[in-house]
Amino acid sequence: MRVPILKQGDYVIASIQSALTDDDLLQLRDGLAAHVGRYRSKGVIVDVTVLDVMDSFATRTVRDLAQMVRLRGAKTVIVGIQPEVAFAMVQLGLDLGDIATALDLEEALELLRNECK
Amino acid sequence: MNASSTHLTEQCIPIMSDIDVIEARGAARALATRVGFTGVDPTLIASAVSEIARNIVEYAGPGEIILSVVWNHLSMGLQVVARDQGPGIADVSSVMRGVRTTSRGLGRGLRGSQRLMDEFRVESSLGQGTTITMRKWLP
């Protein structure tokens, strides 16, 4: 299941549509890092609203993704972590480090606009 | 763990690759909901299954995950058995205490899964593989 990556002005939005295999996640990570370079994007938004589980691999890959994007000169915002998923992540001892998060797309765009001025 | 009778809905999912991890946690969530778990519980169960299935893929594949409904005198619950014939864990208790860790986080996944479930047992011997049995009871 490929994740569609949309360009919106200075930002790139990746909207996850269904559960992702490890390969899908790695492809998303690499695809976004490439995208940022190609389009000179300032910010990346990853919408994880549909994910019903974020296990250690998913969390690690999202962290790596944000780090790669940061090294390419852009900022990442993770959008839509469900409350149950957040609860499970805390119990599992997983965290996203200092990656920005937002409840919805609008809030994420707002966050990027303020950051990337 | 308490003695209990199992069955009727026993489901076995072979675990060979990351795609099976998704299959296993999906099946666990579906069964959890059917058993009557609500709110955050199906997600906690699915997350625990995801972690232990992932351990099988990363360290010990192939293996299997067996989901079943269990009863004790008080309640009904869901049991997850994860079994592999992998290298085994040399010192289960230090892994579970967090004394010994591995590069990719075997112990962390096990300890995390333990926190998500009500009962958790690891049986392992070197060269013989590992069996993890975990249960969550309806509140």
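Bear in mind that the values in this text are calculations on the coordinates, not laboratory data. In this text, all values refer to a predicted model and were calculated from it rather than measured experimentally. With ideal geometry, Cβ positions are generated from the backbone for all residues, glycine too; neighbour counts draw on all protein chains shown.
Screening the candidates B:Gly127, B:Gly107 for the property of being surrounded by fewer than 19 Cβ atoms within 10 Å (Cβ to Cβ) and of a type outside the set (Phe, Trp, Tyr) yields one hit, B:Gly127. Scanning the range A:15-37 turns up at least one residue that is among the hydroxyl-bearing types (Ser, Thr, Tyr) and within 14 Å of chain B (Cβ to nearest Cβ). When A:Leu20 is tested against (1) assigned to a loop (DSSP other than H, G, I, E, B); (2) farther than 21 Å from B:Asp18 by Cβ, exactly one condition is not met: (2). Kindly evaluate A:Gln27 against the criterion of being among the polar types (S, T, N, Q) and over 20 Å from A:Leu111 (Cα atoms). Answer is yes for this residue.
Restricting to helices (runs of 4 or more DSSP H) lying wholly in the range B:31-121: which have 3 or more residues that are under 19 Å from A:Ala86 (Cα atoms)? The qualifying helices (runs of 4 or more DSSP H) are B:41-55, B:106-116.
Pick from A:Val53, A:Val79, A:Val46: which is of a type outside the set (Lys, Arg) and within 10 Å of another protein chain (Cβ to nearest Cβ)?
Details: A:Val79 fails: within 10 Å of another protein chain (Cβ to nearest Cβ); A:Val46 fails: within 10 Å of another protein chain (Cβ to nearest Cβ).
After applying the criteria, what remains is A:Val53.
Pairing each residue of the range B:8-31 that is touching a residue at least 24 places away in the same chain (Cβ under 8 Å) and surrounded by fewer than 17 Cβ atoms within 10 Å (Cβ to Cβ) with any residue that is of a type in the set (Gly, Ala, Ser) and in a strand (DSSP E or B), provided the two are 6+ apart or on different chains, yields C-beta distances under 7 Å for B:Thr9/B:Ser68; B:Glu10/B:Ser68.
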